[in-house]
Amino acid sequence: MKIAFLGAGQVGAPIARHLADAGHDVVLAESREGSASVAAALQRAPKLRAAPADEAVRGAEVVFLATPFGANESVLRPLADALAGRVLVDCTNPVGAGLSHGLKSERAGSEYVQSLVPGAKVVKAFSIYGFENFENPAYPGYALRPAMLFCGDDRDAKARVATLIGDVGFEAVDVGGLAQALHLEHMTLLWVRMVRAGGGSPNLVWGALRR
């Protein structure tokens, strides 16, 4: 697939690297020339390339949003036309004071993202763990992969994202429509409270077992 990344920091860069290694055509969007995070990502992963944001998005089938949540509006509004009809993977989380939900749990951050780019097909994914598990999703010795829960309203968009989840190294677990994103965001907050605030191992992941 042709994939663009908005955000090449601790979350975006490792996911982009894994997808490029899996054979996808991955480009990092530059909002300004000489971005330090983009330069660092390119140095670590020679298969990646960079392009101006509008060009990167218009050339992509799937776009990953991996910016800080507070930057989403300024990043997305200028790209609304370019994002129309494209799959937008929302990896962001609204985190408020005291590790609370940044939108007071009144609506999901992904629903807010959808409101900014109504023509895009938003899918929430790659959001329930810290960056360590995007750097290395492998858990040798287990008979199952770490679960990556995802949700969205468009069936075809979710099918594409499920494929990409598998290519990164996770088991794709579809939890329903975009309204479920609120619960995934609370799941992220649970992980953060357990690991970042509680001192737990950042190698904590969820698994999906079935009979």
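Assorted remarks:
- Failed item in (1) out of contact with any Lys or Arg (no Cβ under 8 Å at 6 or more places or on another chain); (2) in contact (Cβ under 8 Å) with a residue 24 or more places away in the chain, with G152 passing the rest: (1)
- Condition check for R32: among the basic types (K, R) and either at pLDDT 95 or above or under 23 Å from Q180 (Cα atoms) (or both): no
- When the test is whether a residue is in contact with a strand residue (DSSP E or B) (Cβ under 9 Å, 6 or more places away or on another chain), in contact (Cβ under 8 Å) with a residue 40 or more places away in the chain and part of a helix (DSSP H, G or I), L19 passes it.
- Answer residue from the stretch 87-108, given it is outside any loop (DSSP other than H, G, I, E, B) and touching a residue at least 24 places away in the same chain (Cβ under 8 Å) and is surrounded by the fewest Cβ atoms within 10 Å (Cβ to Cβ) among those: S100
- Any hit, the stretch 57-68, residues being exposed (fewer than 13 other Cβ atoms within 10 Å of the Cβ) and either touching a residue at least 40 places away in the same chain (Cβ under 8 Å) or more than 21 Å from I165 (Cα to Cα) (or both): no
- Taking the stretch 15-26 as the range and being within 28 Å of P202 (Cα to Cα) and either among the acidic types (D, E) or buried (at least 24 other Cβ atoms within 10 Å of the Cβ) (or both) as the test, the residues that pass are I15, A16, D21, V26.
- Among the residues of the stretch 45-80, not one is modelled with pLDDT under 95 and assigned to a helix (DSSP H, G or I).
- Some residue of the stretch 178-194 being part of a loop (DSSP other than H, G, I, E, B), loosely packed, with under 15 Cβ neighbours inside 10 Å and free of Cβ contacts under 8 Å to residues at least 60 places away in the same chain: no
- Matching residues, the stretch 109-154, being under 29 Å from G85 (Cβ atoms), surrounded by fewer than 16 Cβ atoms within 10 Å (Cβ to Cβ) and of a type in the set (S, T, Y): S115
- Once the stretch 40-55 is narrowed to residues that are closer than 17 Å to T67 by Cβ and small (G, A, S), the residue that is surrounded by the most Cβ atoms within 10 Å (Cβ to Cβ) is A41.
- Restricting A4, A13, A8 to residues that are in a strand (DSSP E or B), of a type in the set (A, V, I, L, M), within 15 Å of the chain's Cα centre (by Cα) and modelled with pLDDT of 95 or more narrows the list to A4.
The values are calculated or read from the model by the stated rules, or taken from the named source; none is laboratory data. Values in this document were obtained by computation on a predicted structure and should not be read as measured data. Using ideal geometry, Cβ is built from the backbone for each residue, glycine included, and neighbour counts are taken over all protein chains shown.
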